[in-house]
Structure formats: C-alpha cells, structure tokens
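First comes the structure, then the notes that go with it.
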Amino acid sequence: MLTYYAVDLLTTIINYYTFVLIIYIFMSWLPNARESKIGQLFARVSEPYLEIFRKIIPPFGMIDISPIVAIFALRLAADGLWVLYSYIA
C-alpha cells in the first residue's frame, strides 16, 4: 500500500529529474556545454528517457519538441501518483 511518504518521495524524485531535464535542454543553447563533464553526466541521465520520446515524435526542422512531451509525461506521472494515493487513502 502506498503511504504518504512513499508518494511524496516519488514525486520529489520526479521533480528533481524534471529539473535535470530542463537544465540539460538549456545546455543545448550554450556552445560546448554538453561536452563538459557535467554535460556528459546530464546526458547519461537524460538521454535514455528522452530517446523514448524522440522515437515517437520526430523533430520539426530544427525544433525538437520531444523534451516538452517528456516533461509533460513526468508531470502527469507525478499528478497520477497523488490521484492514486487519494483513492487508496
């Protein structure tokens, strides 16, 4: 059974991961930021998740909207956890 603390911990992890994704996306705007050590770390953490959405949603010219959809999916998951908790509790 999900407890309040488990749901809170999972949503906190999702929030931190969303923050990592946002930083990684903004790093694409800076020259050579993704080639740095921190950029490579963010890539190892972010790319496996983003690759799922890149396979589904092709880029429109130079614009890749798959990170937006990926973040939206994370938000839905976090909100869904709270909805499930409210039904159980």
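Structural remarks
- Unmet requirement for Leu10, which otherwise passes all of (1) open to solvent by less than 40 Å² (accessible area, probe 1.4 Å); (2) in contact with a helix residue (DSSP H, G or I) (Cβ under 6 Å, 6 or more places away or on another chain): (1)
- Some residue of the range 66-89 being open to solvent by 100 Å² or more (accessible area, probe 1.4 Å) and assigned to a loop (DSSP other than H, G, I, E, B): no
- Residues (in a helix (DSSP H, G or I) and of a type outside the set (S, T, N, Q)) located in the range 26-48: Phe26, Met27, Lys37, Ile38, Gly39, Leu41, Phe42, Ala43, Arg44, Val45, Glu47, Pro48
- Residue within the range 22-37 that is under 27 Å from Leu84 (Cβ atoms) and open to solvent by less than 70 Å² (accessible area, probe 1.4 Å) present: yes
- One residue alone among Ser66, Ser36 is among the hydroxyl-bearing types (Ser, Thr, Tyr) and out of contact with any Pro (no Cβ under 8 Å at 6 or more places or on another chain), and that residue is Ser36.
The values are calculated or read from the model by the stated rules, or taken from the named source; none is laboratory data. Since the structure is predicted, the reported quantities are computational estimates derived from the model, not experimental observations. Quick reminder, even Gly has a Cβ in these numbers, built from the backbone with ideal geometry, and neighbours come from all protein chains shown. The accessibility values were calculated without ligands, DNA or RNA, using every heavy atom of the protein model including side chains. Shrake-Rupley method; radii C 1.70, N 1.55, O 1.52, S 1.80 Å.
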